[in-house]
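Notes to accompany the following structure.
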Amino acid sequence: MNARIRVAFQRIFGQFGLLDNLYYTLSDPFRRISRAHRPANVAFNLIWPLYRLHYPLPASPLPLEILARPEIGLEYLYRDGHYHQLRSIWLFTIRDTPLRSLYRLCVSICAQELDEIRLESAYFWRHSDWPIQDIPDPKDPDPVRYAVLASLVEELANAFNEKIENGLRRGMELYEIDYRALAREENKPLETCPGWALQVPALEQQVDFGRDRSRSMPVWRRNILADANQLRNY
């Protein structure tokens, strides 16, 4: 099927030199979906709902549920959400939202899925149209999840600012960057934390999700222990 589509595109656009970019842009979702373990589920998650531009915020497991059974975090991210596939599909990225990404990070932090923390935070970084200060207040009714979400927002701002101070920029490819020149800029486009995140109180009882014991981390200040170092990976 893909071969037939390619031949048709070649006949129409080949003479203008537009074939490769156009073909791969349009066919990329089909290729990635066809390689998925459950392609029908991935396709459904990609196109539904049809009646709105942005995807709604889906239900996700609570932190204490993940703490008791970490495997449900994997089920949410991989079996049900297929986010490892969807994050690479342009149609998904334009319909996704920063709050949805933040909730996925919350699941990854609570399950201590370090690879997912790295991949999701890198995905958020690439979304230069998502300033951290514009992340809306989720007003989550679960106090533990609300505390984790607020801590993640603070940590994302700190992690992204470290990258910016070192000469990286959101929305720019690595090959486009003069690290030394950008690192010397006086007015760097630093991220700021939204006010709601700074006002979320600490938990009364400590919740330990991971191995990191650094008292300087906002997660610690809210009486939560978690390894969030992957947020700083490039």
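Let's see how each residue does on (1) within 24 Å of residue 137 (Cβ to Cβ); (2) crowded, with 17+ Cβ neighbours inside 10 Å; (3) at pLDDT 85 or above:
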| residue | (1), (2), (3) |
| --- | --- |
| 41 | no, no, no |
| 44 | no, no, no |
| 75 | no, no, yes |
| 85 | no, yes, no |
| 96 | yes, yes, yes |
| 109 | yes, yes, yes |
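Could you check region 95-115 and list, in sequence order, the residues that are charged (D, E, K, R) and part of a helix (DSSP H, G or I)?
Passing the criteria: 95, 100, 104, 115.
Do we have residue 59 as of a type outside the set (Ser, Thr, Tyr), under 21 Å from residue 148 (Cβ atoms) and surrounded by fewer than 14 Cβ atoms within 10 Å (Cβ to Cβ) here?
Working: of a type outside the set (Ser, Thr, Tyr): yes; under 21 Å from residue 148 (Cβ atoms): yes; surrounded by fewer than 14 Cβ atoms within 10 Å (Cβ to Cβ): yes.
For residue 59, the condition - of a type outside the set (Ser, Thr, Tyr), under 21 Å from residue 148 (Cβ atoms) and surrounded by fewer than 14 Cβ atoms within 10 Å (Cβ to Cβ) - is met.
I'd like the residue in region 116-135 that is touching a Pro at 6+ places or on another chain (Cβ under 8 Å) and part of a loop (DSSP other than H, G, I, E, B) and, out of all such residues, is surrounded by the most Cβ atoms within 10 Å (Cβ to Cβ).
135
Pick from region 48-94 the residues that are touching a residue at least 40 places away in the same chain (Cβ under 8 Å), part of a helix (DSSP H, G or I) and more than 19 Å from residue 119 (Cβ to Cβ): which of them is nearest to the chain's Cα centre (by Cα)?
63
Go through region 178-234 and report how many residues are part of a helix (DSSP H, G or I) and at pLDDT 90 or above.
Result for region 178-234: 6.
Mind telling me which of the residues 16, 30 ends up being surrounded by fewer than 12 Cβ atoms within 10 Å (Cβ to Cβ), of a type in the set (Phe, Trp, Tyr), modelled with pLDDT under 85 and more than 24 Å from residue 129 (Cα to Cα)?
16
Say we look at region 140-177 and pick out the residues that are part of a loop (DSSP other than H, G, I, E, B) and touching a residue at least 60 places away in the same chain (Cβ under 8 Å); which of these is surrounded by the fewest Cβ atoms within 10 Å (Cβ to Cβ)?
142
The values are calculated or read from the model by the stated rules, or taken from the named source; none is laboratory data. These figures come from a predicted structure and were not determined experimentally. Every residue, glycine as well, gets a Cβ built from its backbone with ideal geometry; the counts of neighbours run over all protein chains shown.
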